Number of protein chains: 2
Amino acid sequence: MPDLVNDRLIRNATIVNVYSGELLPGNIGIAGGRFTYVGPSEPPAAEVIDVKGLYVAPAWIEPHAHPWLLYNPVSMIEGILPGGTTTVFNDDLFFFLQAGPDGFARMLDALAGLPIRYRWLVRLMSQSEYDGEAQDFAMEKLKPLLARPEVAGSAELTRWPLVWKRDRCALAAIAHVHGLGKRVDGHTAGASYEKLNGVAAGGVDACHEAITKQEVLDRLRLGIWTILRHSSLRPDIPELARSITEDHIDTRRVMLTVDGPAPRAIAEGGFIDEALRRCVAAGVDPIEAIQMATINPATYYGLDRELGGIAPGRRADLVILPDLREFRPVRVMMEGRDVAIDGRITLELPRVDWDSLRMRREFQNSDLPLEVLEPIPVMEFKSDAITVSAGMQTQPAEADILGVLADREGRWATRAWIRNLAPRLDGLASSYNTAMHLLVLGRDRAAMRRAAEAVAQSDGGIAFGNGWNVPLPIAGMMMDSKFSACVRAQAELEEGVRAAGYPFRDILYSLLFLCCDFLPGSRMTPKGILDVKSGRLIRNH
Amino acid sequence: MPDLVNDRLIRNATIVNVYSGELLPGNIGIAGGRFTYVGPSEPPAAEVIDVKGLYVAPAWIEPHAHPWLLYNPVSMIEGILPGGTTTVFNDDLFFFLQAGPDGFARMLDALAGLPIRYRWLVRLMSQSEYDGEAQDFAMEKLKPLLARPEVAGSAELTRWPLVWKRDRCALAAIAHVHGLGKRVDGHTAGASYEKLNGVAAGGVDACHEAITKQEVLDRLRLGIWTILRHSSLRPDIPELARSITEDHIDTRRVMLTVDGPAPRAIAEGGFIDEALRRCVAAGVDPIEAIQMATINPATYYGLDRELGGIAPGRRADLVILPDLREFRPVRVMMEGRDVAIDGRITLELPRVDWDSLRMRREFQNSDLPLEVLEPIPVMEFKSDAITVSAGMQTQPAEADILGVLADREGRWATRAWIRNLAPRLDGLASSYNTAMHLLVLGRDRAAMRRAAEAVAQSDGGIAFGNGWNVPLPIAGMMMDSKFSACVRAQAELEEGVRAAGYPFRDILYSLLFLCCDFLPGSRMTPKGILDVKSGRLIRNH
């Protein structure tokens, strides 16, 4: 480009070329937020940055995120930018459920200026079935959202059996998304190879739910883009990477996700940088791992001419790295400007007025039915998120506490004995659950009432009966605080439940998914205790 | 998919899985034109086809074609389907120049029912500059074409220096194509690595003009999708494949093209099947070669959920092959139906009324200025398509014949001595040239006049002065005949020019490009004899 003076020239880089799959020495010109030059010359520039001895790679892309694990879409930025993730494809679920399509659209407008590249995935149905779901998720309400340029497709379709059964509404919704040239994210946990055929035929483009090497192979071979997950709940890359190191599959249609990690996992490990680190530790070639975190998701979303590589014309999002093993960037740029240096962001984040976006949710806590006078179901925890039914009882066994899912308007409550979650828990209340109602757990009625009262008072939150509480005023799920406050809140919550006997890794996911009607075992739902496999209610509320 | 009875089940296949990069045994279900099942089971089907011992691969995709080398878009089908190419991205150039935007749009409608998958690329400017070009190619006229669903992007941008120089009109046109989510095909013949940076920055997505291994590396590393060419004019895969066999580049962004081969090259070698054969002969892994001809172009054009692989939901376009070396399919299916068996198409091709599509072009041949009374330029042929200027002469040297490019409306003529093309050629006339005027060549004025008369009489064609002629009534470029007639015509033309001393490979490209203002050397243009490098006219007409 004759006569162009660049804003910046990055000199003496070892460049990760994700197109050719090579490491190449060179200089990088940047002007107007885009790369202008990559090669041996030194085009003129206002500022020269010498990076001798360092690697320069395209910044990471997270193709599948949930920006609501206590942190919110603003505070999450503090957690993830320092590790080099500058593009995130976010699930809309709780924002949509809280604020409706118009409110969610206003939120997209309000977040447009954030110093990160967010794209959104819009749910075609909710995660937990509820009365009124069909009206809330009517296609006429979703279509204007799906058409927006910030929306890259539909979010994880957790009810995959509908696709396999060729449900007309589900297939029509998928066809609509494809007609816009956008992607349909799947969620085919537990689907057999035979059923995955039907899911692929129905148009699901990607899945992040493989938990074994074989499940990676199954999805990839059926043409489904396969996202290897290393989340705080399911840190599976050591297993999943065997598909690459042992079976030598082509990885061009493989991506990486951390699938909504808890705040501490981000603070301690990172975001997509953590998934990269685990891949390389598992024996994956570093360039191939970087492709999975850059050009592969860019190509999947049809954005390869904009993102995912260091080449002229692309947006200048990059990381500068001391090595290709730890993936801890010394500097992160987005559109050619510094956004993080040495693990800290270098910019102020804007304040967002979440209340004006209708994100505050009210909870009633009167008349919690804490007296058990007849047999109610027992739900026994087997892992962070998996339960089994264990009969009906009127009296609790030693490892049981009472669980109540109470309507936020006070009209109904679903109850069960919760076994092996936290046997010595006196009282905990949480609006942080997929049903978005008031979940109360404990063995001490007074402590349970105090916890519920605290959550109701702050319009959402997580509270113990001993006075400790975290307000979650954004959709009952998120703090309106800095990222570091989210990390601290999670640590204190974990300390509290661990003292009460919680034996698993991730209390946030245990609380979130207790009401989730697509995970195995029995679940507390607005209609009662559900046996997921049979689809039958074990007991109405 | 419960309760589905397939139309066909292909049993006992060795399947080329382009997603995982593996050969896998399995059965393939097809219903409603799409794959429904791939795997070990045998879902019910109306017809079972056992292919034990044979390979099944996705059918080939040609990302860059010119359907006008004597054959037309209908007769080309006869030539290419038997070899397994079922999807072709075609250049619109001569149809657009002949019939204008409305006529071209009507042609797309008329060709909609053909038993092949044509997608079109629309030129943003012509190949040879001419008066009125800016009006003919006004963006307002191109936009409705670019928006059509059969149009996948813009066709090869031969004037790449405009992009490098950041010409505002060129960049705006490219941005418009990208805004539609479509692709910008490039043509960066001879561009240095430094200038390629500017071409990439300007938004050119792909290029097929690498003629050395290094040029492949240059393009690929700069983020340009790189199309390896093996055409009748430039059969370069033995050289280009060295980028793969020696440098081990990642091939995910590499495709294959035969870039408009002459009819005989198709009849004798094939189409994309020929490019595959040459790749594998050059040492490329067969699965990787097949990816370059299937999933890579499908991904490039954003069609990977529809085309390019054998997986549920994709259109059932496939080839059944005895080996992965010769790539001669025993059976070709498109959307699950047989379209060719053992090298012959199995269906009737429709008749298209080209005249009603305004594809007939008239030529005047009165007053051909065949007397040379003052010095005119000498153009010396160095290869099929490359010339150099060799001074000015009034009298021809021994290897010279007279060349006249005469306006089809008789208003002007450009003249030169043509050296080392066919010294003993008495007379040849051809409407087959990029200027779409009347090109007359020879040493015998009477023979030249007779040839010109024959071309004018048939509204386009190629004729010798001895009475032999091929009518080209479609835009002056294409026969309205079966593919076999095109092969015969080319053979006879070659025999005629070879007898007159033609020393090169491909007379069709020599005729086509003599007027092409982007190829090196000097060119006959409507404005006079042009020195391409300097952009100066050596002599006005």
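The values are calculated or read from the model by the stated rules, or taken from the named source; none is laboratory data. Since the structure is predicted, the reported quantities are computational estimates derived from the model, not experimental observations. All Cβ positions, glycine included, derive from the backbone under ideal geometry; neighbour counts span all protein chains shown. Ligands, DNA and RNA are stripped out before the accessible areas are found, and what is left, the full protein with its side chains, is counted by its heavy atoms. Shrake-Rupley method; radii C 1.70, N 1.55, O 1.52, S 1.80 Å.
Only residues that are open to solvent by less than 30 Å² (accessible area, probe 1.4 Å) and out of contact with any Phe, Trp or Tyr (no Cβ under 6 Å at 6 or more places or on another chain) were counted in region B:23-38, giving 10. Among the residues of region A:299-322, the one identified as within 12 Å of chain B (Cβ to nearest Cβ), open to solvent by less than 10 Å² (accessible area, probe 1.4 Å) and not in a loop (DSSP other than H, G, I, E, B) is A:TYR300. For region A:247-277, filtering for residues that are within 14 Å of another protein chain (Cβ to nearest Cβ) and touching a strand residue (DSSP E or B) at 6+ places or on another chain (Cβ under 6 Å) leaves 3.
Selection over region A:398-418 of residues that are more than 29 Å from A:GLU362 (Cβ to Cβ) and open to solvent by 40 Å² or more (accessible area, probe 1.4 Å) gives a count of 1. Scanning region A:235-246 for residues that are within 14 Å of another protein chain (Cβ to nearest Cβ) and outside any helix (DSSP H, G or I) gives a single hit, A:GLU246.
Here is a yes/no grid of residues against (1) part of a loop (DSSP other than H, G, I, E, B); (2) farther than 19 Å from A:PHE95 by Cβ; (3) open to solvent by 10 Å² or more (accessible area, probe 1.4 Å); (4) out of contact with any His (no Cβ under 7 Å at 6 or more places or on another chain):
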site	(1), (2), (3), (4)
A:ALA485	no, yes, yes, yes
A:ARG488	no, yes, yes, yes
A:PHE504	yes, yes, yes, yes
A:CYS515	yes, no, no, yes
A:LEU530	no, yes, yes, yes
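For first residues located in region B:176-197 and at the interface with chain A (Cβ under 9 Å from one of its Cβ atoms) and over 24 Å from B:ALA298 (Cβ atoms), partners that are small (Gly, Ala, Ser) and surrounded by 18 or more Cβ atoms within 10 Å (Cβ to Cβ) and lie 6+ apart or on another chain with Cβ distances below 8 Å form the pairs B:TYR193/A:GLY39; B:GLU194/A:GLY39; B:ASN197/A:GLY39. Residues that are within 9 Å of chain A (Cβ to nearest Cβ) and buried (at least 24 other Cβ atoms within 10 Å of the Cβ) within region B:279-295 comprise B:GLN291, B:ILE295, listed in sequence order. In this structure, does A:ALA206 turn out to be touching a residue at least 40 places away in the same chain (Cβ under 8 Å), open to solvent by less than 20 Å² (accessible area, probe 1.4 Å) and either within 13 Å of chain B (Cβ to nearest Cβ) or touching a Ser or Thr at 6+ places or on another chain (Cβ under 7 Å) (or both)? The answer is yes for A:ALA206.
Scan region A:344-376 residue by residue and report those that are in contact (Cβ under 8 Å) with a residue 12 or more places away in the chain, in contact with a strand residue (DSSP E or B) (Cβ under 6 Å, 6 or more places away or on another chain) and open to solvent by 60 Å² or more (accessible area, probe 1.4 Å). Matches in region A:344-376: A:PRO375 only.
Put simply, of A:ASP285, A:ASP247, A:ASP259 the only residue that is acidic (Asp, Glu) and in contact with a helix residue (DSSP H, G or I) (Cβ under 7 Å, 6 or more places away or on another chain) is A:ASP247.
Which of the residues that make up region B:419-467 are among the polar types (S, T, N, Q) and either open to solvent by 30 Å² or more (accessible area, probe 1.4 Å) or not in a loop (DSSP other than H, G, I, E, B) (or both)? Explain how you work it out, then say what you get.
So the first thing to find is which residues in region B:419-467 are among the polar types (S, T, N, Q), and the list is B:420, B:430-431, B:433-434, B:457-458, B:466.
B:ASN420, B:SER430, B:GLN457, B:ASN466, listed by residue number.
What number of residues in region B:247-258 are under 24 Å from B:VAL88 (Cβ atoms) and in a loop (DSSP other than H, G, I, E, B)?
Residues of region B:247-258 that are under 24 Å from B:VAL88 (Cβ atoms), as a first pass: B:251-258.
This time we only want the ones that are in a loop (DSSP other than H, G, I, E, B), so: B:251-253, B:258.
Residues meeting the conditions: 4.
A:GLY39: small (Gly, Ala, Ser), closer than 19 Å to B:GLY202 by Cα and more than 9 Å from chain B (Cβ to nearest Cβ), yes or no? No: the conditions fail for A:GLY39. Look at (1) within 14 Å of another protein chain (Cβ to nearest Cβ); (2) within 34 Å of the chain's Cα centre (by Cα); (3) hydrophobic (A, V, I, L, M, F, W, C) and you find that A:LEU54 fails only one, number (1).
Suppose we keep only residues that are more than 10 Å from chain A (Cβ to nearest Cβ) and assigned to a helix (DSSP H, G or I) within region B:214-230. Which one would you say is most open to solvent (accessible area, probe 1.4 Å)? Outline the logic, then answer.
The first filter runs over region B:214-230 and keeps only residues more than 10 Å from chain A (Cβ to nearest Cβ), leaving B:214-215, B:227-230.
The next check asks that each one be assigned to a helix (DSSP H, G or I); those that pass are B:214-215.
Details: B:GLN214: 92, B:GLU215: 35 Å².
Out of the qualifying residues, it is B:GLN214.
Within region B:42-51, being open to solvent by 40 Å² or more (accessible area, probe 1.4 Å) and at the interface with another protein chain (Cβ under 10 Å from one of its Cβ atoms) holds for no residue. Put simply, of B:GLY53, B:GLY103, B:GLY79, B:GLY113 the only residue that is closer than 26 Å to B:THR525 by Cβ and not aliphatic (A, V, I, L, M) is B:GLY103. Of all residues in region B:358-403, those satisfying the criterion of being among the hydroxyl-bearing types (Ser, Thr, Tyr) and more than 24 Å from B:ARG450 (Cα to Cα) are B:SER383, B:THR387, B:SER389.
Determine if region A:71-85 includes at least one residue that is more than 14 Å from chain B (Cβ to nearest Cβ), assigned to a loop (DSSP other than H, G, I, E, B) and either within 29 Å of B:ASN197 (Cβ to Cβ) or at pLDDT below 95 (or both). Within region A:71-85, one or more residues are more than 14 Å from chain B (Cβ to nearest Cβ), assigned to a loop (DSSP other than H, G, I, E, B) and either within 29 Å of B:ASN197 (Cβ to Cβ) or at pLDDT below 95 (or both).
Within region A:4-21, can you find the residues that are assigned to a strand (DSSP E or B) and either away from chain B (no Cβ under 12 Å) or open to solvent by 30 Å² or more (accessible area, probe 1.4 Å) (or both)?
Here is the first cut: in region A:4-21, the residues assigned to a strand (DSSP E or B) are A:6-17.
Hits for region A:4-21 are A:ASP7, A:ARG8, A:LEU9, A:ILE10, A:ARG11, A:ASN12, A:ALA13, A:THR14.
The single condition among (1) among the charged types (D, E, K, R); (2) part of a loop (DSSP other than H, G, I, E, B); (3) free of Cβ contacts under 8 Å to residues at least 24 places away in the same chain that A:GLU495 does not meet is (2).
Among (1) at pLDDT 95 or above; (2) open to solvent by 30 Å² or more (accessible area, probe 1.4 Å); (3) outside any helix (DSSP H, G or I), there is one condition B:ARG264 misses while meeting the rest; what is its number? The one condition B:ARG264 does not meet is (3). Against the test of being over 20 Å from the mean Cα position of the chain (by Cα), on the phi < 0 side of the Ramachandran plot and of a type in the set (Gly, Ala, Ser), the options B:ALA456, B:ALA491 yield a single qualifying residue, B:ALA456.
For region B:235-244, filtering for residues that are of a type outside the set (Asp, Glu) and surrounded by fewer than 22 Cβ atoms within 10 Å (Cβ to Cβ) leaves 3. Being away from every other protein chain (no Cβ under 13 Å), under 21 Å from the mean Cα position of the chain (by Cα), among the β-branched types (Val, Ile, Thr) and in a loop (DSSP other than H, G, I, E, B) is a property that holds for A:ILE211.
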